[in-house]
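Below you'll find the structure, written out as structure tokens, and then a few comments.
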Amino acid sequence: MPMPQNHSYNKVVEGSAAQSSKVSLLSGAVACVCIVVYLGAIVFAGVRVYTGVIERRALASREFARLADFSASLGSGGMYDPLFEQSVEEEFSRLKTLQGVIFSSALGNYTALERNKGKVIIWNELKETPDFKPQFGLSKEPFSKPIQIGNQMITFRAVYTYIDYERLIAILKRTLLVVLATLCLALFTLIFQFLMANPPAPAHSKEGDLMSRDTAEFFHTKEAEEEEQERAPRARAPAEEEPPQEMPHAPPAQEETGGLYAARSYIGQEGHGKDRLAAELKRCAAFEQDLVFMAVELHTSLPPDDKEFRLLADEAVKFFLRRDLIFEKGGQGIAVIIPGIDLDQGFTKSEKLLVRVESKYAEAFGREAKLYIGLSSRAERDIEADRIIFEASGALKKAWEDPSSPIVAFRSDPEKYRDFMAAQNKSLP
């Protein structure tokens, strides 16, 4: 009986829609995290700087009172004592916040000290009257206090720095490190989103047209499938010749009836392919990975002998790097299991393999070879090995029928596939 039709197989739906949605959600989440971290870093730095200014002002007030008390205790000589300025300067140098001090008497006498000469205090043109130079980082309103030194009443004024530059630099370094780390996270997310949103476009096939065709044509009756298999060339007996010189690392030849690798091609025997595919499907499902199954058929102007077929197998091993995931398929084909990639990536790999094998045949044997490839993928489905083999074989048949498009990929919608399988299970007695 013909296979029941279902909407999941009547239209080809882009299988990457769910993946694009996940990437968009991830990008949005990362953007929110970055914004929160940026704002948090700025607020944290601002609070630390503000509290530092408050602490600095309190320390300056204490140091001003300390210097005022010290100056008042210097004795009866007052400002005219030769040791007055020297003693005050020594005490002034021990302070952290005060940058300049001025002592002025009612008689117009002045004594001025500053931490950095010429930076804090300015004098009038006659250099008789000092004052504080306004500048960023210094207090706008100086401390002022009248003190008694000996028998003189002296006005004592001082300015201080309200910014602790060492502490400020430490705060800025920590803030910039946090911002830099967050910026790197945002940059990597942007690159990842760009790569996922712009997969390599196939160049050799009419992918846009083939991916949108009615895929009901991929399904045949079981009787038609058996008839196709009967018409397919049977696998030849293992060759008795020695392994070719261009394959020094090929595994030891084994009989078709035993062992993993076939003596004819040094890749997996056809009988082992289905079991290995089933195991890989279970493993990928457990880790939520995709998997692509590739059915490859080789056609040449003359039936290829074992040496020519080994070239196809050898190039597949060199290209995919996994001999244990490549198996013979029919008389002149191979099957490849590729875990961890999606259908679009599998399509791109198929194109590269096609160009590589066809050019190798022209170089090695001086004649053209035509490669037909059918693809199918797990695509978030809980699918059996028989089903994905059937889908890839249907795609391969479609490629035979349209030589202008030698690569055909079967794409399914996971949700509709699950609905279809649920309906099939309900119909069973």
Point to revise | Unique match (being assigned to a helix (DSSP H, G or I) and free of Cβ contacts under 8 Å to residues at least 60 places away in the same chain) among ARG48, ARG66, ARG57 | key: ARG66
Review point. So, in the range 102-114, of the ones that are in contact (Cβ under 8 Å) with a residue 40 or more places away in the chain and surrounded by fewer than 19 Cβ atoms within 10 Å (Cβ to Cβ), which residue ends up farthest from ARG157 (Cα to Cα)?
Key: ALA106
Review point. Taking strands (runs of 3 or more DSSP E) that fall entirely within the range 331-429, which contain at least 3 residues that are under 25 Å from ALA262 (Cα atoms) and of a type outside the set (Ser, Thr, Tyr)?
Key: 333-339, 369-377
**Study point:** Conditions (1) open to solvent by 20 Å² or more (accessible area, probe 1.4 Å); (2) at pLDDT 90 or above; (3) over 19 Å from LYS274 (Cβ atoms); (4) out of contact with any Gly (no Cβ under 8 Å at 6 or more places or on another chain): number failed by LYS398
**Key:** (4)
Check your understanding: Restricting attention to the range 145-172, which residues are open to solvent by 80 Å² or more (accessible area, probe 1.4 Å) and under 20 Å from THR97 (Cα atoms)?
Key -> TYR165, GLU166, ILE169
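Determine, yes or no, whether PHE293 is surrounded by fewer than 15 Cβ atoms within 10 Å (Cβ to Cβ) and of a type in the set (Phe, Trp, Tyr).
Judged against the criteria, PHE293 is not a match.
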Check your understanding: GLN99 fails exactly one of the following numbered conditions: (1) at pLDDT 80 or above; (2) more than 30 Å from LEU25 (Cα to Cα); (3) open to solvent by 40 Å² or more (accessible area, probe 1.4 Å); (4) within 52 Å of the chain's Cα centre (by Cα). What is the number of that condition?
Key -> (3)
Review point. Is it the case that the range 115-134 has a residue that's open to solvent by 20 Å² or more (accessible area, probe 1.4 Å), in contact (Cβ under 8 Å) with a residue 24 or more places away in the chain, out of contact with any Pro (no Cβ under 9 Å at 6 or more places or on another chain) and of a type outside the set (S, T, N, Q)?
Key: yes
Review point. How do the pairs read when you match residues in the range 162-187 that are of a type in the set (Lys, Arg) with residues anywhere that are surrounded by 14 or more Cβ atoms within 10 Å (Cβ to Cβ), using Cβ under 6 Å and keeping only pairs 6 or more apart or on different chains?
Key: ARG167/GLY52
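From the list LYS318, LYS360, LYS329, which residue is in contact with a helix residue (DSSP H, G or I) (Cβ under 7 Å, 6 or more places away or on another chain), open to solvent by 30 Å² or more (accessible area, probe 1.4 Å) and closer than 25 Å to GLY271 by Cα?
Result of the check over LYS318, LYS360, LYS329: LYS329.
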Exercise for review: Could you look through the range 135-144, keep only residues that are part of a loop (DSSP other than H, G, I, E, B) and at negative phi, and pick out the one that is most open to solvent (accessible area, probe 1.4 Å)?
Suggested key: LYS140
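Quick grid of which residues meet (1) farther than 21 Å from ALA286 by Cα; (2) in contact with a Phe, Trp or Tyr (Cβ under 6 Å, 6 or more places away or on another chain):
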| site | (1), (2) |
| --- | --- |
| GLU380 | no, no |
| GLU384 | no, no |
| ILE388 | no, yes |
| GLU401 | yes, no |
| PRO406 | yes, yes |
| ALA409 | yes, yes |
| ASP413 | no, no |
| ARG418 | no, no |
Practice item. Determine if the range 402-415 includes at least one residue that is more than 33 Å from the chain's Cα centre (by Cα), small (Gly, Ala, Ser) and open to solvent by less than 10 Å² (accessible area, probe 1.4 Å). Key: yes
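The values are calculated or read from the model by the stated rules, or taken from the named source; none is laboratory data. Quick caveat: nothing in here was measured; it's all calculated off a predicted structure. Counting neighbours? That spans all protein chains shown, and the Cβs are built from the backbone with ideal geometry, glycine included. Protein only, heavy atoms only, side chains kept; ligands, DNA and RNA dropped before computing areas. Shrake-Rupley method; radii C 1.70, N 1.55, O 1.52, S 1.80 Å.
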